[in-house]
Amino acid sequence: MLAKVLSGALLGIDAYPVEVEVDIAQGLPQFATVGLPEGAVKESKDRVKSAIKNSGYEFPTRRITINLAPADIRKEGTAFDLPMAVGLLAATGLVPTKRAARFLLMGELSLDGSIKPVRGVLPVAAAARSWDLDGLILPADNAEEGALVDGLPVYAVETLGDVVDFLTGNRQLEPCQVDIEAMIENAAQDDVNFSEVRGQEHVKRALEVAAAGGHNILMAGPPGSGKTMLARRISTILPAQTFEEALEITKIHSILGLLSTDQALVAKRVFRSPHHTISDAGMIGGGPHPRPGEVSLSHNGVLFLDELPEFKKNILEMLRQPLEDGQVCISRAAQSLTYPASFMLVAAMNPCPCGYLGDPKHSCTCTPAMLQRYRTRLSGPLLDRIDLQVEVPRISHSDLSDTRPAEASEVIRLRVERARQVQQERFHKTKIHCNARMGPRQLQRFCQTDTAGQELLRQVTERLGLSARTYTRLLKVARTIADLAGQAEISASHLAEAIQYRSLDRKTV
């Protein structure tokens, strides 16, 4: 007898339907799985056989063939356990084949018949809205994740027996419901705040400008000056994520299995801080079957690289494409996948190898050759893509001992959100969401300056020898500063502030 059950699989951050075809024929007992299954899929037959028997059902002792269509795409993971088991029970007549074919099933089976959570439920649920289905049957730990997508009811199950009883009509299941507003509200609670930072007012201002326009920023200063402390608080002043942005980053986390059982939605902007020993595939993504890396896990959030020059040079150069395009394309012999990677880069570094160049309290022990080698670890093209470069000096005792409360993140976020609202209205008919993503057409239209501003730009460009990319980034930063000031036109004062945020350019002339 033949039975067909629907499941889903991942291709990048998108999903496609997989038809699990089960055929039970006369012949010697055999269990074969075809359709380019990976090792974990091939092992499913042993889990499925034990789960069916230990759930109290009879396992057919005949020739069994299971095909995962389309057969030209390699299948991986354990999510096909449940549809295989249901397909077998449907082929033996225990489960109605027509009703089983109306649901999408995903889940890993334990040997006792209980159902474990799997990766990639959200992308499959999002794609399933366009498929002709009556609902999704998912592990209980994945049900809230699948229910984030409107359009199809999601039924949570804990055992194989629950699925059989539901499909045969012996048990009614209520669709899973989620409170998305409560998830986003709970995620708004921050453990850190800018009110805890003493001094460094000009650096806070630079971070505010960066957050308001989505600009990349590099902080350079001696050890203990507060670079990491400041960086970890920048996500607290970024605008709250929209539900669509939260779904995008949740898809990526779901693919990698990073969602915990009590976190169905990544509602807060992510902050990723990989160690400088990270590999190429860990940063950009990759592997035999390309998976997202840190640049994609930071999508719509912050990627913080501490001790920037300590990262491998080839990894830093790989950042150039995602910084420019907002996505990363990973090509392998088998397939080529594109993952979103629109993140805000926040980096920190010491001014020299010993860390004390320019520090009035400590003498720098670095030779000119050491200093030159240290600075050349950061290429010009990479620095061009970092909009703001600020110095973070040592904190004075008067600032450390000051007991007056500093400006809180909530106050700064209000100014940032007002500036972002101006940008949303400015770019409402485009895919651009912040000033940092402006193209040549938007620069020509929205970044015009007065005569004094043009003269200032001419002098700075000639003196510092700025590249065309740096020139346009100066205009973008100045546009953000004008937005924070509530002014429609960029003036010379806005440009002057943007120029002072290019400290590394000034040090090279």
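So, E455, is that one within 28 Å of S235 (Cβ to Cβ) and surrounded by fewer than 17 Cβ atoms within 10 Å (Cβ to Cβ) or not? Spelling it out, it is not the case that E455 is within 28 Å of S235 (Cβ to Cβ) and surrounded by fewer than 17 Cβ atoms within 10 Å (Cβ to Cβ). Among the residues of the stretch 401-418, the one identified as among the charged types (D, E, K, R), at pLDDT below 90 and open to solvent by 50 Å² or more (accessible area, probe 1.4 Å) is R404.
Would you say V121 is of a type in the set (V, I, T), under 18 Å from L265 (Cβ atoms) and open to solvent by less than 10 Å² (accessible area, probe 1.4 Å)? Yes; evaluated as a whole, the condition is true for this residue. Are any residues in the stretch 228-247 open to solvent by 10 Å² or more (accessible area, probe 1.4 Å), assigned to a helix (DSSP H, G or I) and of a type in the set (S, T, Y), and if so, which ones? Of everything in the stretch 228-247, those that are open to solvent by 10 Å² or more (accessible area, probe 1.4 Å), assigned to a helix (DSSP H, G or I) and of a type in the set (S, T, Y) turn out to be T228, S235.
Consider the stretch 168-189 and keep the residues that are without any contact (Cβ under 8 Å) to a residue 60 or more places away in the chain and hydrophobic (A, V, I, L, M, F, W, C). The one that is surrounded by the most Cβ atoms within 10 Å (Cβ to Cβ) is C176. The set of residues from the stretch 248-258 being within 12 Å of the chain's Cα centre (by Cα) and part of a loop (DSSP other than H, G, I, E, B) comprises L256, L258.
Only one of the numbered conditions (1) at negative phi; (2) in contact with a strand residue (DSSP E or B) (Cβ under 9 Å, 6 or more places away or on another chain); (3) buried (at least 21 other Cβ atoms within 10 Å of the Cβ); (4) in contact (Cβ under 8 Å) with a residue 40 or more places away in the chain is not met by L259, and that is (2). When V149 is tested against (1) modelled with pLDDT under 95; (2) buried (at least 19 other Cβ atoms within 10 Å of the Cβ); (3) more than 21 Å from V121 (Cα to Cα), exactly one condition is not met: (3). The set of residues in the stretch 168-206 being of a type outside the set (D, E, K, R), assigned to a helix (DSSP H, G or I) and at pLDDT below 90 consists of I180, A182, M183, I184, N186, A187. Residues that are charged (D, E, K, R), in a helix (DSSP H, G or I) and out of contact with any Asp or Glu (no Cβ under 6 Å at 6 or more places or on another chain) within the stretch 447-479 comprise E455, R458, E462, R463, K476, R479, listed in sequence order.
Annotation: of all residues in the stretch 207-231 being polar (S, T, N, Q) and under 26 Å from the mean Cα position of the chain (by Cα), the one that is modelled with the lowest pLDDT is T228. Note on the stretch 1-47: residues that are open to solvent by 70 Å² or more (accessible area, probe 1.4 Å), in a helix (DSSP H, G or I) and modelled with pLDDT under 90 total 1. Just give me the residues in the stretch 419-442 being of a type in the set (D, E) and either open to solvent by less than 30 Å² (accessible area, probe 1.4 Å) or part of a loop (DSSP other than H, G, I, E, B) (or both), in sequence order. Answer for the stretch 419-442, where residues must be of a type in the set (D, E) and either open to solvent by less than 30 Å² (accessible area, probe 1.4 Å) or part of a loop (DSSP other than H, G, I, E, B) (or both): there is none. Whether any residue in the stretch 391-398 is part of a helix (DSSP H, G or I) and either over 27 Å from Y471 (Cα atoms) or charged (D, E, K, R) (or both) is what I want to check. Yes - at least one qualifying residue is present in the stretch 391-398.
Residues in the stretch 371-385 that are over 28 Å from the mean Cα position of the chain (by Cα) and either at pLDDT 95 or above or open to solvent by less than 50 Å² (accessible area, probe 1.4 Å) (or both) were compared, and the one that is nearest to K431 (Cα to Cα) is Y374.
The values are calculated or read from the model by the stated rules, or taken from the named source; none is laboratory data. These numbers come from a predicted model, not from an experiment. FYI the Cβ positions are ideal-geometry reconstructions off the backbone, even for glycines, and counts take in every protein chain you see. Please note that ligands, DNA and RNA were not included when accessible areas were found on the heavy atoms of the full protein model with its side chains. Shrake-Rupley method; radii C 1.70, N 1.55, O 1.52, S 1.80 Å.
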